[in-house]
1. Relative contact order of the range 12-186, please, whole-number percent, based on alpha carbon pairs below 8 angstrom and at least 6 residues apart.
2. Under a crude label model (7 Å from the Cα following the beta-carbon direction), how far is ARG400 from GLU166 in nanometres?
3. Beyond 22 Å, what share of the Cα-Cα pairs of the range 12-186 remains, rounded to the nearest whole percent?
4. If you line up the Cα atoms of the chain on their principal axes, what length do they span on each, largest first, in Å?
5. My understanding is that a pair violates if its Cα-Cα distance is over 25 Å; which of LYS102/LYS191; LYS11/LYS102; LYS350/LYS408; LYS6/LYS390 do that in this structure?
6. Taking 0.36 nm per intervening residue step and subtracting the Cα-Cα distance, what contour gain separates SER194 from ASN105 on full extension?
7. Among all stretches of the chain without exposed trypsin sites (Lys or Arg not before Pro) (DSSP loop, at most 14 other Cβ atoms within 10 Å), which one is longest?
8. Grab the other residues whose beta carbon is less than 14 angstrom from that of ASP314, score K and R as +1, D and E as -1, and report the net.
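Every number here is computed from the coordinates shown, using simple stated rules; none is lab data. On a predicted model such as this, the values are computed, not experimentally measured, just so you know. Reconstructed Cβ throughout: ideal geometry from the backbone, glycine too, with neighbour counts over all protein chains shown.
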Amino acid sequence: MSLETKSLHGKRILLIISGGIAAYKSLDLIRRLKERGAEVRPVMTAAAQHFITPLAVGALSASHVYTELFSREDEQDVGHIRLARECDLIVVAPATADLMAKMANGLADDLASTVLLAADRPVLIAPAMNPKMWAHPATKRNVATLKADGLTFIGPMAGEMAEKGESGLGRMAEPLEIVAAIEALLTPAEKPLSGKTAIVTSGPTHEPIDPVRYIANRSSGRQGHAIASALARLGAEVTLVSGPVTLADPHGVKTIHVETAEEMRQAVLATFPADLAVMVAAVADWRVATASEHKIKKQPGDAAPTLQMVENPDILKEVGHHPERPSLVVGFAAETRNVEENGKTKLARKGADLIVANDVSPATGIMGGTQNSVSLIFADRVEHWPDMTKDQVAEKLALRMAEMFLAKT
C-alpha cells in the first residue's frame, strides 16, 4: 500500500501510551496514522508522561489527551467506558511489562488499565521492555494469557537496548511495522500476490578463515527483512534466506538461516520453482580456498599468513539465467562510486529485470543503518527515489514488484 493512500481513512484508533523509553516512538506512530487518515485519540499513563509530554502528543494527534481516571471533565459521562467503545481498535504502544500484567490479571487502577478492562474492541499490543523482563516466566505467562484472550501482538523485536551494552528481544516494533499490523486488522487488504511464491535473500554471509575469524560485509539485513515482510503483506508466500543477523524473523514469513554464500545458494535453489526472486543479501564476493580447522596463531617474528582466495558463487546471476527462472528477478547493487553505471552493467550481466542500486559509502550511513536512498535501474530507464526509511523503501518497492509481476504474467 503506497504511502500516499489514506488506507485508514475514517478509522478511529485509541492509542494507549505507557511508560518506557520507547514512548518516544509513539510520536512517530501518531504521525504515520494521521498520514493514513486515521483519527487518533491518545491515553497516557502517569509513567508515560515522564518520557514524553501530553502537549507533544496532543499537538501531533490534534486531539485531547486523556490522562486521569478521576478527571472531573472527562469522567462526567463515564469517560473511560466511552473511550473503550468509541473506537475501531485499541493500540497499546509501548506496552510495558507492568501494564500487560494488569491486563492479564484484570487489574484497573488507572485510566489506561480501566479502559482496557472495559473494552469490547480489538486490541493490538506492542511490547517494549528489557530482554530479561520479556524472558521472565511471569511475563511469559501474562503474554500467553493475553493471546488466549484474543489480543494481537506485534513484536517485540531484537536490538540494542537503552541500557548500556544490553541487547536482545525487547525493542518495540517500529512505527511502520505497527501501522502495517493496524492496516491488516482494520482494512480489507489488497493481496495482488495472493497464491504467488517469492524468494528473498537478506543480510551478509560469513566466510570462515578459521574457527574464530571470517570474511563478511556490513549488512544488517534490515532492508531484506523489510522487503520479505512487505511481500507477505501483499499475499505472497515468502521464503526468506537470511545470513547472520540480529533481527527477529519476520512475521508470516518462512525463514531459513544460513552462514556462507554456498549455503545461501543451496537454500535459494531448493525453493525453486518460485514466481519472484529478490536478491537483497550482501553476499561476500570471495572466500578462503581452504579454511583452517584450527585458529591461526600469531607467532612473534612470523609474517602475516597468506590467504588464498576463491570467488564465491554468483547467486543472482545463477537465478537470473536458471532454467526455472522466476518470472520476476530483482537484484541489489551496493556501490561506493559510479552507482548508476555499475547498476546498468549488473542488470545486463545478471539477467535481472530490475536492479535496485544504492550508494553505501561510509558517509551515507546506509550499510547497517535504518535509512536508504535507492535508484531503480530498468533496461530502458532509471528512477531515483528520495531518502526514505528502509521500511518505506520496502513498502513502495513491494508494490512496484507486484505491478511488474502482474504485467509480465
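1. Details: 335 pairs, mean separation 40.8, N = 175.
Relative CO of the range 12-186 lands at 23 percent.
2. So the two model labels end up 4.0 nm from each other.
3. On the way: 5883 of 15225 pairs.
Percent of Cα pairs beyond 22 Å in the range 12-186: 39.
4. 77, 59, 38
5. Values: LYS102/LYS191 37 Å; LYS11/LYS102 27 Å; LYS350/LYS408 19 Å; LYS6/LYS390 21 Å.
In this structure, LYS102/LYS191; LYS11/LYS102 exceed 25 Å between Cα atoms.
6. Numbers: separation 89, 0.36 × 89 = 32.04 nm, distance 3.93 nm.
So the extension gain works out to 28.1 nm.
7. On the way: sites that count: LYS6, ARG72, LYS164, ARG218, LYS295, LYS297, LYS298, ARG337, ARG381.
Answer from the scan: 73-163.
8. Numbers: positive: ARG265, ARG287, LYS317, LYS346, ARG349, LYS350; negative: GLU262, ASP285, GLU311, GLU318.
Value of the local net charge: +2.
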